[in-house]
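Below: the structure, in structure tokens.
The values are calculated or read from the model by the stated rules, or taken from the named source; none is laboratory data. What you are looking at is a predicted structure, and each value in this text was computed from that prediction instead of being measured. A quick note on method: Cβ atoms are made from the backbone with ideal geometry, for glycine too, and the neighbour counts reach across all protein chains shown.
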Amino acid sequence: MHPSTTGPHAPLFANAAIACFAVFTFGLAVMHLLRPDYAPSTHMISDYAVGRWGSVMTAAFACISLGSLMLSVAFAGSVPGSMATWLVTALFAITAMGSAITAVFPTDLPGAPSTTSGNIHAMSFYVNVASLVLAAVTIAVVSLHNSRWRTHRSGCVGFALLLILALFLQFKTLHPGMPYGLANRLFVVIMMF
């Protein structure tokens, strides 16, 4: 966010979101060390919330939820009255709720029977991804039309395009024998920037 487009507390909430996302990233990195039995190419990051050390990944998902809530509050305080601002605020709020659901309901591991918890987790994944991509695209469009965001245009548009590409790769690899776990990590890495 450009400083001239923010309310007095928006930077505080944006920085809190960055801290939450940093904790998530650290938690995910730690899970790779704690669970070397999960091959990154064949396991989604959600798989780390199942079994031994699952609480670490659950806490990491909770950090995404809190970070998304902080972004929602930050955007609510920026460019008051803008329809795009309210849309982005709502999308980050939806992501916050969806990520909380992701944290509470563990996924089903590959090859395991389908469970209600796993189905809820899968639905929350789709909602979270859709909300984040729509928020990124909305911010990119705002950056193209709002002169105050001129210095951020290339970054906003580039981020939205990278996120869309990563999402495309994620869904193209959701087949047995494909490196869907690596595509999942690529999407998450881009999302964290």
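Restricting attention to the range 67-83, the residues that are modelled with pLDDT of 80 or more and either of a type outside the set (Gly, Ala, Ser) or over 11 Å from Ile18 (Cα atoms) (or both) total 9. When the test is whether a residue is touching a Gly at 6+ places or on another chain (Cβ under 6 Å) and surrounded by 18 or more Cβ atoms within 10 Å (Cβ to Cβ), Ser99 does not pass it. Going by the structure shown, is Leu174 out of contact with any helix residue (DSSP H, G or I) (no Cβ under 6 Å at 6 or more places or on another chain) and on the phi < 0 side of the Ramachandran plot? No.
Only one of the numbered conditions (1) modelled with pLDDT under 95; (2) under 20 Å from Tyr38 (Cα atoms); (3) hydrophobic (A, V, I, L, M, F, W, C); (4) more than 13 Å from the chain's Cα centre (by Cα) is not met by Ala183, and that is (1). Scanning the range 77-133 for residues that are of a type in the set (S, T, N, Q) and either assigned to a loop (DSSP other than H, G, I, E, B) or touching a Pro at 6+ places or on another chain (Cβ under 6 Å) (or both) gives Ser82, Thr107, Ser114, Thr115, Ser117.
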